[in-house]
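For reference, the structure is listed below as structure tokens.
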Amino acid sequence: MNLEAYRRGRLEEARANAERLAAEGESMAAARIDEASGAAIAIIAEARADGAAQADREMAITRTHEQRRSHRIVLEARRRAYEDLGTRGRAGARELRPDPAYPALLDRLEQLTREQLGDGALIERDPADGGVVAEFEGRRVDYSLPALVERCLRTLGAEIEELWR
């Protein structure tokens, strides 16, 4: 029976070893699961932070594009308004021609031309565009109605800018 006692002793020892190894395995598995869980949480947090940062960058790019687009739209609207103002101004200037006061305007423009260029100036009174155009010794004066409208628009410069505010 000595052998039987030895065998039982070995068996109990083997069971104790197996239980100890199983407990150690479970402990190691739990530690690894905790470690993996912590790593997963860190990876998720990093991914969220990266995603938020990427979204912020994309939003900034989108915002910049939209601001530029908006600015282009505003500038285009201003350009069209300025062109419309010029078109209306030129049309209004053409309407001066049938006015009874138009010959007096031509007289005054011709007088200004002679003051600037001298009496020898070649003056064209009421050309196709209306107004007065003159030349003398390589110098030219353009008081045509469209040129006068353009001068008025340029003179208004800052005042026109106030229209946009």
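A few notes on this one:
- Where a residue in region 114-139 is within 24 Å of Arg94 (Cβ to Cβ) and its partner, wherever it lies, is surrounded by fewer than 17 Cβ atoms within 10 Å (Cβ to Cβ) and of a type in the set (S, T, N, Q), with Cβ under 9 Å and at least six apart: Ala134/Gln116
- Residues that are outside any helix (DSSP H, G or I) and either β-branched (Val, Ile, Thr) or more than 17 Å from Asp129 (Cα to Cα) (or both) within region 52-100 comprise just one, Pro100.
- Boolean, Arg125 is in the same structural domain as Cys152 (by TED's automatic domain parsing), of a type in the set (Lys, Arg) and either more than 28 Å from the chain's Cα centre (by Cα) or within 22 Å of Cys152 (Cβ to Cβ) (or both): yes
- Complete set of residues in region 106-165 that are in a loop (DSSP other than H, G, I, E, B) and on the phi > 0 side of the Ramachandran plot: Gly118, Asp126, Gly130, Glu137, Gly138
- Test: residue in region 4-19 that is hydrophobic (A, V, I, L, M, F, W, C), at pLDDT below 85, outside any helix (DSSP H, G or I) and surrounded by fewer than 10 Cβ atoms within 10 Å (Cβ to Cβ): no
The values are calculated or read from the model by the stated rules, or taken from the named source; none is laboratory data. Nothing here was measured: the structure is a model prediction, and the numbers come from that model. Virtual Cβ from ideal backbone geometry, glycine too; neighbours counted across all protein chains shown.
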